[in-house]
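For reference, the structure discussed in these notes is given below.
The values are calculated or read from the model by the stated rules, or taken from the named source; none is laboratory data. Given the structure is predicted, the values throughout are model-derived calculations rather than measurements. All Cβ positions, even for glycine, are placed from backbone atoms using ideal geometry, and neighbour counts span all protein chains on display. Heavy atoms of the whole protein, side chains included, go into the accessibility calculation; ligands, DNA and RNA do not. Shrake-Rupley method; radii C 1.70, N 1.55, O 1.52, S 1.80 Å.
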Amino acid sequence: MSLAALRTPDGEAALAAAASLAGGDPLAAAAALRSRGVPPDLAAAALTQTTLRRQAVTKFGPDAAGMFFTRAGLEQATRAVVARRRAERLVAAGVRSLADLGCGIGADALAAARAGIRVVGVERDEATAEVAAANGAGLFSVVHGDATTFDVSGFDAVFCDPARRATGGRRVFDPAAYSPPWDFVEGLAARVPRLAVKVAPGFDHDRVPAGAETELVSVDREVVEATLWCGALASVPRRATVLRGGVAGTLTGSGAAAAPVGPVDDYLYDPDGAVVRAGLVAEFASLVSGRLGDPTIAYVWAPSAVATGFARCFRVTDVLPFSLKRLRAELRSREVGTVEILKRGSAIDPAAFRRDLRLSGRESTSLLLTRVAGAQVAVLAQPVAL
Ligand SMILES: C[S@@+](CC[C@H](N)C(=O)[O-])C[C@H]1O[C@@H](n2cnc3c(N)ncnc32)[C@H](O)[C@@H]1O
């Protein structure tokens with residue numbers, strides 16, 4: 001059924017009724033809607049949309065209740081907090097008009113429009129374009145068409161978030177299989193003065209257009225995406241943006257610096273994934289006057305606890321040579337029944353390891369499995385709230 005039916009007065013009534021039934025048994029909800037005279041296909045469409053809206057709350061908060069989605073569109077949509085930050089940066093760079101090439105359900109377009117930018121979204125998939133137009137009503141416009149032939153000459157900047165899924169929903173990792181494909185994006189980088197591109201966090205740095213800035217973004221410690229800021233939008237080679245509870249911290253650098261390496265210390269920092277993936281561990285280490293225990297491992301050892309949003313911090317109680325037997329005995333003698341296991345540079349499977357430890361007791365500790373100067377160690381530590 002087309003989205004238009006859900007936007008009629010009957011459709012809106014069906015959506016409101018479906019929302020009031022949400023969360024229960026779907027078959028019972030469908031029967032309840034039909035018993036209120038809602039035609040079966042409208043009832044099914046309203047229930048599907050209601051389910052998607054509920055799932056969308058994690059990305060869009062309360063706005064989700066008034067938005068429209070397709071399942072694939074929701075899965076690929078940028079979280080509102082990330083889209084808003086990107087939009088603010090575009091505004092700060094003087095962007096007043098934006099072409100969003102492959103706009104999906106319109107999450108980025110919506111944030112940019114709300115930030116005051118005139119946005120035109122281009123979307124090839126008809127149903128998705130219809131959804132984007134509904135989400136953008138009164139805020140941005142949508143063209144149903146192919147982004148690769150869209151004329152971007154009248155816009156201050158271009159944004160592109162290529163689809164990274166093959167038919168059937170499978171993720172694609174080769175940028176050549178992105179849609180629009182990577183050679184189109186590279187061509188844009190060469191011909192438009194301001195381009196921002198959303199890519200996967202693991203995007204191969206060798207493919208980043210020359211002179212572009214790579215920004216890694218994490219939300220509540222999960223690395224969610226990278227943005228490549230090309231042309232006049234670039235400001236530094238690398239940036240890690242760490243969003244926690246809606247508050248952002250930003251670390252910048254060259255991505256080429258090497259952190260000092262040295263002995264273990266009283267505190268151990270586990271840098272945020274955005275910092276690690278941006279190649280900014282050396283910059284982070286200098287913030288806390290720290291060093292690596294091993295040149296290949298991104299744990300930073302330092303003499304004190306420094307307030308930072310770029311890492312978790314632990315007060316180290318013991319650095320033990322790695323041995324299951326020895327650890328089991330230590331944890332038993334301390335009555336540790338609960339361990340949080342973290343690892344870098346260790347092949348251990350934490351779940352199996354936890355079972356093998358056979359813990360019991362009232363105390364808790366963090367256990368960090370890693371290497372120091374090439375040797376496997378087990379670090380017992382307490383998290384420090386910074
Ligand atoms: C990753 S999604 C965009 C998500 C969007 N940024 C958001 O946050 O809602 C990519 C979209 O590009 C569309 N697309 C792929 N190739 C396209 C093309 N050649 N022209 C226009 N749209 C295209 C896909 O249908 C998909 O909806």
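Given the structure, is Ala43 in contact with a helix residue (DSSP H, G or I) (Cβ under 6 Å, 6 or more places away or on another chain), part of a helix (DSSP H, G or I), more than 11 Å from the ligand (Cβ to nearest atom) and under 23 Å from Phe150 (Cβ atoms)? For Ala43, the condition - in contact with a helix residue (DSSP H, G or I) (Cβ under 6 Å, 6 or more places away or on another chain), part of a helix (DSSP H, G or I), more than 11 Å from the ligand (Cβ to nearest atom) and under 23 Å from Phe150 (Cβ atoms) - is not met.
Remark: Thr241 matches the filter, which requires a residue to be in a strand (DSSP E or B) and either open to solvent by less than 50 Å² (accessible area, probe 1.4 Å) or in contact with a Leu (Cβ under 7 Å, 6 or more places away or on another chain) (or both). Remark: Pro40 falls outside the filter, which requires a residue to be open to solvent by 70 Å² or more (accessible area, probe 1.4 Å), more than 25 Å from Ala200 (Cα to Cα) and under 31 Å from the mean Cα position of the chain (by Cα). Looking only at region 97-146, count every residue that is in a helix (DSSP H, G or I) and away from the ligand (no atom under 11 Å from the Cβ) and tell me the total. So the count comes out to 5.
The set of residues in region 193-218 being open to solvent by 20 Å² or more (accessible area, probe 1.4 Å) and within 16 Å of the ligand (Cβ to nearest atom) consists of Ala200, Pro201, Gly202, Phe203. Sub-6 Å Cβ pairs linking a first residue in region 125-144 that is over 16 Å from Ser179 (Cβ atoms) to a second residue that is among the hydroxyl-bearing types (Ser, Thr, Tyr) and not in a strand (DSSP E or B), at least 6 apart or interchain, are Val131/Thr70, ordered by first then second residue. Only residues that are surrounded by fewer than 23 Cβ atoms within 10 Å (Cβ to Cβ), of a type in the set (Gly, Ala, Ser) and not in a loop (DSSP other than H, G, I, E, B) were counted in region 81-96, giving 1. Might you let me know whether region 305-317 holds any residue that is over 26 Å from Val219 (Cβ atoms), touching a residue at least 24 places away in the same chain (Cβ under 8 Å) and small (Gly, Ala, Ser)? Taking every residue of region 305-317 in turn, none turns out to be over 26 Å from Val219 (Cβ atoms), touching a residue at least 24 places away in the same chain (Cβ under 8 Å) and small (Gly, Ala, Ser).
Considering only residues in region 161-192 that are in contact with a Phe, Trp or Tyr (Cβ under 7 Å, 6 or more places away or on another chain) and among the small types (Gly, Ala, Ser), the one that is farthest from the ligand (Cβ to nearest atom) turns out to be Ala176. Within the span defined as region 154-177, every residue fails to be at pLDDT 95 or above and of a type in the set (Ser, Thr, Tyr). When you scan region 261-280, do you find a residue that is surrounded by 23 or more Cβ atoms within 10 Å (Cβ to Cβ), within 18 Å of Arg312 (Cβ to Cβ), at pLDDT 95 or above and over 20 Å from the mean Cα position of the chain (by Cα), even just one? Yes, region 261-280 contains a residue that is surrounded by 23 or more Cβ atoms within 10 Å (Cβ to Cβ), within 18 Å of Arg312 (Cβ to Cβ), at pLDDT 95 or above and over 20 Å from the mean Cα position of the chain (by Cα). Of all residues in region 177-192 being within 21 Å of Gly73 (Cα to Cα) and assigned to a helix (DSSP H, G or I), which is most open to solvent (accessible area, probe 1.4 Å)? Ranking the qualifying residues of region 177-192, first place goes to Ala177. Among the residues examined, Ser289 does not qualify as within 16 Å of Arg86 (Cβ to Cβ), without any contact (Cβ under 8 Å) to a residue 24 or more places away in the chain and in a loop (DSSP other than H, G, I, E, B). Restricted to region 249-260, and to residues there that are touching a helix residue (DSSP H, G or I) at 6+ places or on another chain (Cβ under 7 Å) and touching a residue at least 40 places away in the same chain (Cβ under 8 Å), the residue that is surrounded by the most Cβ atoms within 10 Å (Cβ to Cβ) is Leu251.
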